[in-house]
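For reference, the structure is listed below as structure tokens.
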Amino acid sequence: MTAPFSIRQATEPEAAARLVDWARMEGWNPAPTDAATFHAADPKGWWLAETPEGEAIGGLSLVHSDDRSFAFLGLYIVHPDWRGKGVGWASWRAALNGSEARSVGLDGVPAQQANYAKSGFALAFTSHRFSFSADSLPPARPDATIDLSGTPGPGLRALDKAVAYPASRDTFLNHWYSQPGAARGLVRDGTLVGCGVIRACHDGHKVGPLIAPDLDGALQLLAALVKAAGATKLILDIPEINPLGATLARDLAAETAFECARMYRGAPPIALDLDRLWGITTFELG
């Protein structure tokens with residue numbers, strides 16, 4: 001007999017905290033502040049599977065854009081004791097069936113691509129997680145970047161929508177650029193052409209997003225972010241579709257850890273300019 005469980009939409013912040021903590025135990029290395037930041041982006045985007053006694057045994061997030069036309073699926077986790085019992089599939093169906101989004105994205109392990117395809121997801125590109133040392137970066141130039149910490153302006157929001165995420169997500173950006181860590185921007189001829197955020201995780205610092213018009217700009221931003229955060233061990237998720245992404249990894253003497261497949265169900269609202277994307281914002285929220 002299949003053990004009983006139920007699925008519910010969980011709006012309380014504790015639901016996000018539980019899934020992020022499970023992600024930490026799975027080795028996904030989130031930041032200590034990720035739960036609060038992720039939940040603030042969409043308090044309705046959280047789903048939990050529970051036993052009749054109220055014990056959480058699995059779940060996922062489906063965080064929506066501001067107009068809820070696009071959503072990103074992440075933190076898809078089932079407690080080890082409950083795997084193989086239909087918990088994940090039930091959570092998946094409940095979240096997707098309860099969403100009004102016309103398009104949904106995810107970053108999943110390649111081994112699950114075939115399963116995601118059964119739900120209508122198609123591969124867009126692959127990203128590789130790299131780790132590298134601050135010693136591999138050029139010296140930071142004091143005049144090369146500007147501070148972007150705080151509430152993002154229209155230039156940064158437009159840049160994020162054109163390059164990193166195919167819809168408006170001002171609520172998320174307000175929290176992402178205000179979190180502990182550092183945010184820097186690259187300005188050329190008076191125009192913001194690049195940006196990046198660095199945050200401390202349980203192991204090292206993650207950079208994301210990393211947006212720049214060229215390789216030199218990406219390296220300038222990385223150097224400025226690392227200096228501002230005082231970081232030594234760095235993690236960057238580079239999309240393979242960027243034609244110079246492999247060159248950046250080589251210049252950083254970076255070591256690859258694993259890869260994720262970016263997949264979409266339905267056409268994203270806009271096409272992203274992936275030649276300018278050197279680092280995914282976060283595998284959990286896109």
Inspect all residues belonging to segment 78-96 and state whether any of them is closer than 15 Å to L19 by Cα, in contact (Cβ under 8 Å) with a residue 60 or more places away in the chain and under 16 Å from the mean Cα position of the chain (by Cα). no
Please determine, by comparing only the residues of segment 146-188 that are touching a Phe, Trp or Tyr at 6+ places or on another chain (Cβ under 9 Å) and aromatic (F, W, Y), which one is nearest to A228 (Cα to Cα). F172
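Can you name the helices (runs of 4 or more DSSP H) wholly within segment 1-105 that have at least 2 residues being in contact with a Gly (Cβ under 7 Å, 6 or more places away or on another chain) and small (G, A, S)?
Details: elements: 13-25, 34-41, 87-97.
Because the criterion is at least 2 residues that are in contact with a Gly (Cβ under 7 Å, 6 or more places away or on another chain) and small (G, A, S), the helices (runs of 4 or more DSSP H) in segment 1-105 that meet it are 87-97.
Answer yes or no as to whether R102 is basic (K, R) and either over 16 Å from R184 (Cβ atoms) or not assigned by TED's automatic domain parsing to the domain that holds L219 (or both). Please lay out each step first, then the result.
Values: basic (K, R): yes; either over 16 Å from R184 (Cβ atoms) or not assigned by TED's automatic domain parsing to the domain that holds L219 (or both): yes.
Considered against the rule, which asks whether it is basic (K, R) and either over 16 Å from R184 (Cβ atoms) or not assigned by TED's automatic domain parsing to the domain that holds L219 (or both), R102 comes out as yes.
Residue-wise test of (1) in contact (Cβ under 8 Å) with a residue 24 or more places away in the chain; (2) under 30 Å from G266 (Cβ atoms); (3) β-branched (V, I, T).
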site	(1), (2), (3)
P142	no, no, no
P152	yes, yes, no
D160	yes, yes, no
S168	yes, yes, no
V197	yes, yes, yes
V207	yes, yes, yes
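Can G58 be described as surrounded by 23 or more Cβ atoms within 10 Å (Cβ to Cβ), over 29 Å from Y177 (Cα atoms) and of a type outside the set (V, I, T)? Explain how you work it out, then say what you get.
Values: surrounded by 23 or more Cβ atoms within 10 Å (Cβ to Cβ): yes; over 29 Å from Y177 (Cα atoms): yes; of a type outside the set (V, I, T): yes.
Here the answer is yes, as G58 does meet what is asked.
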Scope segment 110-130; condition surrounded by 13 or more Cβ atoms within 10 Å (Cβ to Cβ) and part of a loop (DSSP other than H, G, I, E, B); matching residues: S119, F121
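Looking at S119, S136, which is the one that is in contact (Cβ under 8 Å) with a residue 12 or more places away in the chain and under 24 Å from D216 (Cβ atoms)? Don't jump to the end; show me each part of the working.
Working: S119 fails: under 24 Å from D216 (Cβ atoms).
After applying the criteria, what remains is S136.
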Out of segment 234-267, which residues are touching a Phe, Trp or Tyr at 6+ places or on another chain (Cβ under 8 Å), at pLDDT 95 or above and not aliphatic (A, V, I, L, M)? D237, P239, E240, N242, G245, E255, C260, R262, Y264, R265
Number of the exception - E26 against (1) farther than 24 Å from T151 by Cα; (2) of a type outside the set (A, V, I, L, M); (3) at pLDDT 95 or above: (3)
Step by step: first the residues of segment 9-53, then only those that are farther than 16 Å from V63 by Cβ, without any contact (Cβ under 8 Å) to a residue 60 or more places away in the chain and not hydrophobic (A, V, I, L, M, F, W, C), then the one that is surrounded by the most Cβ atoms within 10 Å (Cβ to Cβ). Which residue is that? E50
In segment 63-77, which residue that is within 12 Å of the chain's Cα centre (by Cα) and either in the same structural domain as P166 (by TED's automatic domain parsing) or not small (G, A, S) (or both) is surrounded by the most Cβ atoms within 10 Å (Cβ to Cβ)? F72
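The values are calculated or read from the model by the stated rules, or taken from the named source; none is laboratory data. Bear in mind that the values here come from a model prediction, so they are computed numbers and not experimental data. Backbone-built Cβ (ideal geometry, glycine too); neighbour counts: all protein chains shown.
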